[in-house]
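Peer 1: Take this structure, written in structure tokens, and hold onto it; I'll ask about it next.
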Amino acid sequence: MTTTTIRARERKSENNQIVTYLIVGGAIIFVMMIFGILMLLAQGGALDVSPAAFYQFLTIHGTGMIGAAALAAASVMWYFLREYVDLSKKIFIANLVLFLIGVVMVIVGVFSFEYASSWTFLYPLPALSGGAWGTIGALLYLFGMLILGVGFLLLFIDTGRAIIKKYGSLGKGLGWDVISGKKSEEDAPPKAVIASTMVTIVNVTALLAGATVLIMNIINVINPAFTFDPLLAKNLTYAFGHIFANSIIYMAVIAVYEILPRYANRPWKANKVFLIAWTMSTVFTLLIYTHHMLMDSVMPTWMLIMGQALSYANGLPVLIVTAYGALMIVYRSGIKWDVASGLIFISMFGWVVGVVPAIIDATIVVNHVMHNTKWVPGHFHMYMALGACAMLFGFMYFLAKEDSAIKPNLLDKIGLIGFTLGVLSLSGSFLVSGALSTPRRWATHIPEWMGPALFGAVAGVLMTISLAIFIIHFIRYVRERDYVPRDEEGKKIA
Amino acid sequence: MIQTVAWVVSLIFMTLIAVVFGVVALKSQGRRDYEPIKKKWYKARSFYAITLVIVMLAVTIYTLRDLPYNQPVYSEGQEPTVVDVEALQFGWDISQTEFKVGEPIEFDVTSKDVNHGFGIYDEDMNLLAQTQAMPEYTNTVYITFDEPGTYEILCLEYCGLAHHIMTATIEVTE
Ligand code: HEM
Ligand SMILES: [Cu+2]
Ligand SMILES: [Cu+2]
């Protein structure tokens, strides 16, 4: 056997797990989109769905989307981070296995045992369902989430370990020695390392908070005589939910940092401003979850004011550094546009536009009339679907191009346009609903609220078809990558 | 109305962002040297960053002057009518539901079981004010109705399968 084939085989097997992560993530997102459409059809009055079924869809959609997007984003982070530090493949695989076990438990809990607390499982709802679901459903869901969380926790402990081993500390992974002037800008860590360090810090925190509140809920479900402070539980829940959901885009953005400069053939190095921006993101992401509690006047007022002020400030790193940097890289670069670079570029747009309604809603006086209206899914669908998911799908096209001879065709381009228009329309319809005071998480709507829901359902169909196109392309790649000739480095021979 | 302001401001900024990305995409071809571009646009960035920070600071200060958590300033000698609200799966227990136009009201809201949301809607189904109803704690929301009519209370925190039918009404007369 020649070295060539060995190297090629190694390379291929290294990407095997990445591919599996992406296929699992993409497939779950696809199925969850269908549940999203069903919910909108029900709210729009076009489909008869019982409240029990509606809230099960809501629960599975929220849980599944966050989980699947986080899984796929973790594979993006892992793919690039492993170029710089020594990651454990065993843990990467263990995370996937635990994820799948968790998913099965969640699915069984929701659909067989009618568990429907929504993905935020706000204490003490899991135990007090008003007769809707029982102990078994709640335990399946909560333990499923716990197992899923443990998998991710292991993964981020491993990334933390690897970063510390290579760079000395997490602070150095964030380039603090460069910020303080001890080291020159040239020696700043690579962007993938900086972002991964940030994600490691915030997600270990988030997952510990999540595990704590999950265990509190589990104890309360098993024995309702054990109770906990509901305000503490709420803080832990939103600390977990906010940080974990947000970390998805901070993992996925590594794809932007790595892919865009290659396409534009321009360098994008970390400098001091970049490092400061990421340190800001780290701190703010940990602190701003209180913007989910602006309507709890029992919270200390300073925490709520901080929630508003820091939520604004949290927009600065992306607005001034990441998005601005991406625009500079592209401007007059002669960049080659294809589906990968197109999705990556669109994803930056999606993130930035999503910031606008988010910041507006984080304003306490606005939140007073918009909290828990459909304005909220309006802003996060923009930045989750058009921001984070476009990064993930862009990465899938990138990987296919790197690793096989498959070329995107006209259909893929249509997918790109369809996806963009679809998300903009869906999010726009949510925002309109929010401006009309439509409450979120309502199984039925009054006639005045139905129009935007139906419009959103059509937009959702467009998104789903587009994702089907992306997935078909990816499957074509997976099937053909076995037949690509490679050089010693494992790079394909053109 | 706050919702309209929020929607219009969002639209303006989102359109602006779309234009910027559109222009850059249109001007992505015709490769030029990166160094001059970097120099020029880093300079522009300082200006942009400072503007952004100033605008955000100004908006923060402006919007934080008057928070819904504090009791509004009423005319002399006027005290709000205190109303106790208890949420429970799946209904509202409200100590008083008939009010006069111009009467300042303080709703003290709590819950018997899980988290709920106390949202006050006008006759056109616009959300006027809200607070969370949570067990063991009492959140306060202040409101003074300017117009007579039937107002609705809607649950604004997911609380179980009858969340969307957990409503009540309030009568306000001249
Ligand atoms: C075809 C595309 C999609 C459609 C039609 C759709 C639809 C919906 C609907 C109708 C809701 C409930 C709104 C309400 O509260 O009344 C919702 C919630 C949600 N969606 Fe989507 N969605 C789509 C894509 C996505 C994507 C791509 C993500 C993230 C990756 C996502 C994440 C979420 C989350 C986290 C919630 C919150 C669930 C909750 O309130 O508990 N969705 N979506
Ligand atoms: Cu309720
Ligand atoms: Cu409710």
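The values are calculated or read from the model by the stated rules, or taken from the named source; none is laboratory data. Nothing here was measured: the structure is a model prediction, and the numbers come from that model. No Cβ is skipped: glycine too gets one built from the backbone with ideal geometry, and neighbour counts run over all protein chains shown. To get the accessible areas, we keep the full protein, side chains included, count just its heavy atoms, and leave off ligands, DNA and RNA. Shrake-Rupley method; radii C 1.70, N 1.55, O 1.52, S 1.80 Å.
Peer 1: What's log10 of I(q)/I(0) for the range A:1-158 at q = 0.15 Å⁻¹, Debye sum over Cα points only, no solvent?
Peer 2: Debye output, listed in q order: -0.82.
Peer 1: So what is the 222 nm mean residue ellipticity for chain A from helices alone, if each DSSP H run of at least 4 adds -39500 (n - 2.57) and you divide by all residues, rounding to the nearest 500 deg cm²/dmol?
Peer 2: Working: 17 runs with 350 residues, N = 494.
Rounded to the nearest 500, the figure is -24500 deg cm²/dmol.
Peer 1: Right, another one. With every protein chain in place, what's the accessible area of A:Y238 (1.4 Å probe, Å², nearest 10)?
Peer 2: About 30 Å², rounded to the nearest 10.
Peer 1: In percent, how large is the relative contact order of the range B:81-173, given Cα pairs closer than 8 Å and 6 or more residues apart?
Peer 2: On the way: 251 pairs, mean separation 30.1, N = 93.
RCO, the range B:81-173: 32 percent.
Peer 1: Once you have a ≥ b ≥ c as the square roots of the Cα gyration tensor eigenvalues for chain B, tell me rounded if a/c is under 1.5, and otherwise prolate or oblate according to whether a/b is larger than b/c. Provide the component values of the computation, followed by the final result.
Peer 2: Values: a/c = 2.96, a/b = 2.32, b/c = 1.28.
Prolate.
Peer 1: To check you understand DSSP bridge types, tell me what percent of the beta bridges within the protein assembly as shown (both residues inside) are antiparallel, rounded to 5.
Peer 2: Values: 28 of 39 bridges.
For the protein assembly as shown, the DSSP antiparallel bridge percentage is about 70.
Peer 1: Provide a list, ordered by number, of residues in the range A:119-136 showing at least 20 Å² less accessible area with every protein chain present than when their chain is taken on its own, using a 1.4 Å probe.
Peer 2: A:L122, A:P124, A:L125, A:L128, A:G130, A:A132
Peer 1: Let me ask something additional. Out of all DSSP beta bridges with both ends in the range B:61-143, state the antiparallel percent to the nearest 5. Write out the running numbers ahead of the final one.
Peer 2: Values: 15 of 23 bridges.
Taking every DSSP beta bridge within the range B:61-143, about 65 percent pair in antiparallel fashion.
Peer 1: Which of the pairs A:K191/A:K374; A:K172/A:K336; A:K183/A:K336; A:K166/A:K269 have their Cα atoms more than 27 Å apart in this structure? Spell out each step's value before the answer.
Peer 2: On the way: A:K191/A:K374 35 Å; A:K172/A:K336 35 Å; A:K183/A:K336 35 Å; A:K166/A:K269 19 Å.
Pairs exceeding 27 Å: A:K191/A:K374; A:K172/A:K336; A:K183/A:K336.
Peer 1: Please check chain A for the longest run free of GluC sites (Glu not before Pro) that are loop-located per DSSP (anything but H, G, I, E, B) and have at most 16 other Cβ atoms within 10 Å. Write out the running numbers ahead of the final one.
Peer 2: Values: sites that count: A:E83, A:E488, A:E489.
By the stated rule (loop sites, at most 16 other Cβ atoms within 10 Å), A:84-487.
Peer 1: When a/c reaches 1.5 or more, the comparison of a/b and b/c decides; with that in mind, is the range B:44-98 rounded, prolate or oblate per its Cα gyration tensor? Before the final figure, lay out the partial values.
Peer 2: On the way: a/c = 7.65, a/b = 2.20, b/c = 3.49.
Oblate shape, in that a/c is at least 1.5 and b/c is the bigger or equal ratio.
Peer 1: How many angstrom separate the Cα center of the range A:403-471 from the Cα center of the range A:246-277?
Peer 2: Taking the Cα centre of the range A:246-277 as reference, the centre of the range A:403-471 is 27 Å away.
Peer 1: If each Cα of the range A:356-483 is one equal point scatterer, what is log10 of I(q)/I(0) from the Debye formula at q = 0.10, 0.16, 0.19, 0.21 Å⁻¹?
Peer 2: -0.41, -0.79, -0.96, -1.09
Peer 1: Among rounded, prolate and oblate, which fits the range A:3-481 when a ≥ b ≥ c are the square roots of the eigenvalues of its C-alpha gyration tensor, a/c under 1.5 means rounded, and a/b larger than b/c means prolate?
Peer 2: Values: a/c = 1.40, a/b = 1.27, b/c = 1.10.
Rounded shape, in that the Cα axes give a/c under 1.5.
Peer 1: While we're here: Ignoring ligands, DNA and RNA, what accessible area per residue does the range B:41-149 give at 1.4 Å, in Å²?
Peer 2: Values: 5590 Å² over 109 residues.
The answer is 51 Å² per residue.
Peer 1: Tell me, what is the percent relative contact order of chain B, built from C-alpha pairs under 8 Å that lie six or more residues apart? Let's see the in-between values first.
Peer 2: On the way: 268 pairs, mean separation 31.4, N = 174.
The normalised contact order for chain B reaches 18 percent.
Peer 1: A follow-up question, please. At a 1.4 Å probe, what is the % contribution of carbon and sulfur to the accessible area of the protein assembly as shown? Intermediate values should be presented prior to the final figure.
Peer 2: On the way: 16860 of 25580 Å².
Carbon and sulfur atoms account for 66 percent of the accessible area of the protein assembly as shown.
Peer 1: Kindly sort A:K374, A:K413 by accessible area of their heavy atoms, largest first, with the probe set to 1.4 Å. Mind showing how you got there, number by number?
Peer 2: Values: A:K374 5, A:K413 110 Å².
These residues rank, largest area first, as A:K413, A:K374.
Peer 1: Shifting gears a bit: Take A:I243, B:I94, A:I91 and sort them by solvent-accessible surface of the protein heavy atoms, 1.4 Å probe, largest at the top. Please list the in-between numbers first.
Peer 2: Values: A:I243 5, B:I94 25, A:I91 45 Å².
Largest accessible area first, the list is A:I91, B:I94, A:I243.
Peer 1: How many angstrom lie between the C-alpha centres of the range A:22-46 and the range A:68-105?
Peer 2: 24 Å
Peer 1: When the helix-only estimate is applied to chain B (DSSP H runs of n ≥ 4, each -39,500 (n - 2.57), divided by the residue count), what is the mean residue ellipticity at 222 nm, nearest 500 deg cm²/dmol? Don't skip to the answer; put the middle values down first.
Peer 2: Values: 2 runs with 56 residues, N = 174.
About -11500 deg cm²/dmol.
Peer 1: Probe radius 1.4 Å, ligands and nucleic acids left out: can you give me the accessible area buried at the A-B interface, summed over both chains, in Å² to the nearest hundred? Working shown, then result.
Peer 2: Details: alone 20070 and 12830 Å², together 25580 Å².
Roughly 7300 Å².
Peer 1: At 1.4 Å probe radius, can you tell me the per residue accessible area of chain A in Å²? Don't skip to the end; give the middle numbers.
Peer 2: Values: 16500 Å² over 494 residues.
Heavy-atom SASA per residue in chain A reads 33 Å².
Peer 1: Determine, from the Cβ-Cβ distance of B:T81 and B:E123 and an R0 of 25 Å, the FRET efficiency 1/(1 + (r/R0)^6), rounded to the nearest 0.05. Intermediate values should be presented prior to the final figure.
Peer 2: Values: r = 21 Å, r/R0 = 0.83.
Efficiency, rounded to the nearest 0.05: 0.75.
Peer 1: Using a 1.4 Å probe and ignoring any ligands, DNA or RNA, find the accessible area of A:I360 and quote it in Å² to the nearest 10.
Peer 2: 20 Å²
Peer 1: Now for a separate question. Kirkwood Rh over Cα pairs of the range B:81-173 into Stokes-Einstein at 4 °C, 1.567 mPa s: D in µm²/s?
Peer 2: Values: Rh = 12.9 Å.
In µm²/s, the coefficient rounds to 100.
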